[in-house]
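Contents: one structure, followed by commentary.
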Amino acid sequence: MKTPLVAAVLASLVLQAAPADAQTAIAIGELRLGNLNCNQSPQYTFAGTAGQWIVIHVTETADFGGNCNGACCCYDVDLLVTSPSGAALGSVVTPTTNNVCGSSGLNRAVLGPFLLNETGDHLIRLKDKTNKGQGSFALFLQSSDLPQGNLAVASGSATLLPLATSGAVETLTFSAVQGDRILGLMSPLTGSVDPRLALYQPDGLALALPSSGLVDVIAPADGNYTLLAYSAVAEQGSYQVDLDVDSGTPPQVLYPGTGEDLTLSMGVNSTVGQFPDQQSATAGDLLTLELDSPQGAFLQAPYVMVAQFFPTGSPPIGFAPGLQFDFAGPSPPFILIDGLPGPLGTPVIPFGGLTQAYVIPPGLAGNSVMLQGISLSSAPANGGFASTHGHEVRFL
């Protein structure tokens with residue numbers, strides 16, 4: 001038989017433990033903050049409709065220096081989503097790190113877009129991957145085809161936005177018609193914002209996966225598009241999003257590649273972009289290149305970046321369809337960025353793209369360089385390689 005004191009203590013313990021696995025409602029378009037302490041598994045429920053596309057962000061915002069169930073400090077959030085009937089819809093784990101207790105090593109993970117096949121209350125469950133770490137997190141839920149809590153913007157707009165909460169995501173929506181060129185740019189203003197933009201087409205599927213603050217694509221269909229803007233992990237500050245939706249003929253490609261999901265963006269003393277693909281530079285200028293696969297077809301695929309010098313006005317004649325190099329030219333092509341196998345394995349195109357920058361040396365005036373990214377795998381349509389369209393830098 002329990003004494004009143006024992007009963008009171010037990011009741012207190014139950015009340016203290018209950019929030020660990022208690023279910024909290026989260027709405028589409030909402031950000032929720034929470035703590036993941038030792039042996040806890042926070043749960044969130046949201047109302048979803050069959051046929052709806054969902055995107056979830058989970059961000060580690062602080063590492064509490066956990067030492068749960070063993071001497072290990074490794075805070076990595078494990079997220080699972082289940083349907084009303086209990087079927088697993090998807091899971092994701094923040095990139096694994098073995099953190100120094102209480103220090104940095106924070107990460108963000110994105111799940112989706114994934115399709116709901118039932119209508120009703122869906123469950124999001126969070127836990128530490130190994131049940132040994134602990135920390136705080138930010139959980140963001142959005143529908144990529146039926147967004148809520150969004151800010152409607154128009155072409156030509158410049159939207160100033162604060163990022164006062166670590167892990168926050170801003171949802172911007174706009175309309176476009178098939179064939180429009182969509183150009184979005186996210187620029188940091190204050191703090192330590194590390195720009196990321198992700199674009200979703202009207203049917204909810206990803207059109208451009210998170211890049212370093214730049215989206216430059218052609219609209220595949222008429223309708224409303226969803227743009228998610230956020231910082232890489234838990235940074236704070238403020239930023240500006242500029243949007244231009246240009247109707248008419250897409251930019252002319254001067255040096256075609258294979259026309260697949262592999263892009264090379266270029267900038268001279270400026271933000272990179274796929275166009276213009278012919279730019280000028282002088283000694284001392286900063287040339288920035290970014291190789292990416294916006295829709296993910298060639299992420300984690302092997303790659304090389306090839307270059308060839310030539311007299312300005314006499315570009316090389318490609319020796320094969322999709323390749324803009326000529327082995328018979330006065331200067332042979334060479335590998336600018338070596339993606340060949342090495343002691344640590346084969347380099348691959350990372351999530352968010354690969355960026356490389358160069359300071360233009362003196363002595364190149366009157367010449368140009370052709371640049372082209374190539375992915376080597378069996379995934380391309382020709383079964384051997386995919387290539388970006390070529391970019392020319394003219395040296396003045």
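The values are calculated or read from the model by the stated rules, or taken from the named source; none is laboratory data. This is a predicted model, so every value here is computed, not measured. Because the Cβ atoms are built from the backbone with ideal geometry, glycine has one as well, and the counts that use them run over all protein chains shown. Surface areas here come from the heavy atoms of the whole protein model, side chains and all, with no ligands, DNA or RNA. Shrake-Rupley method; radii C 1.70, N 1.55, O 1.52, S 1.80 Å.
Overview of results
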| item | result |
| --- | --- |
| So Ser187, is it open to solvent by less than 40 Å² (accessible area, probe 1.4 Å), of a type outside the set (A, V, I, L, M, F, W, C) and over 29 Å from Thr45 (Cβ atoms) | yes |
| Options Ser175, Ser187; residue that is part of a strand (DSSP E or B) and over 26 Å from Gln52 (Cα atoms) | Ser187 |
| Residues of region 220-232 satisfying the condition of being open to solvent by 30 Å² or more (accessible area, probe 1.4 Å), of a type outside the set (Asp, Glu) and in a loop (DSSP other than H, G, I, E, B) | Pro220, Ala221 |
| Filtered residue count, region 35-61, keeping only those that are open to solvent by 50 Å² or more (accessible area, probe 1.4 Å) and part of a strand (DSSP E or B) | 3 |
| Counted residues, region 301-328 - those being open to solvent by less than 50 Å² (accessible area, probe 1.4 Å) and under 25 Å from Val359 (Cα atoms) | 10 |
| Test: Ala158 is of a type in the set (Gly, Ala, Ser), open to solvent by 50 Å² or more (accessible area, probe 1.4 Å) and in contact with a Phe, Trp or Tyr (Cβ under 8 Å, 6 or more places away or on another chain) | no |
| Only one of Pro321, Pro333 that is in contact (Cβ under 8 Å) with a residue 24 or more places away in the chain, in contact with a strand residue (DSSP E or B) (Cβ under 7 Å, 6 or more places away or on another chain) and at negative phi | Pro333 |
| Within region 128-144, tally of residues that are at pLDDT 90 or above and surrounded by fewer than 20 Cβ atoms within 10 Å (Cβ to Cβ) | 0 |
| Pair list, Cβ under 7 Å, 6 or more apart: region 16-40 residue closer than 16 Å to Ala168 by Cα, other residue modelled with pLDDT of 90 or more and open to solvent by 60 Å² or more (accessible area, probe 1.4 Å) | Ile26/Arg32; Ala27/Gln148; Ile28/Gln148; Gly29/Gln148; Gly29/Gly149; Gly29/Asn150; Glu30/Gly149 |
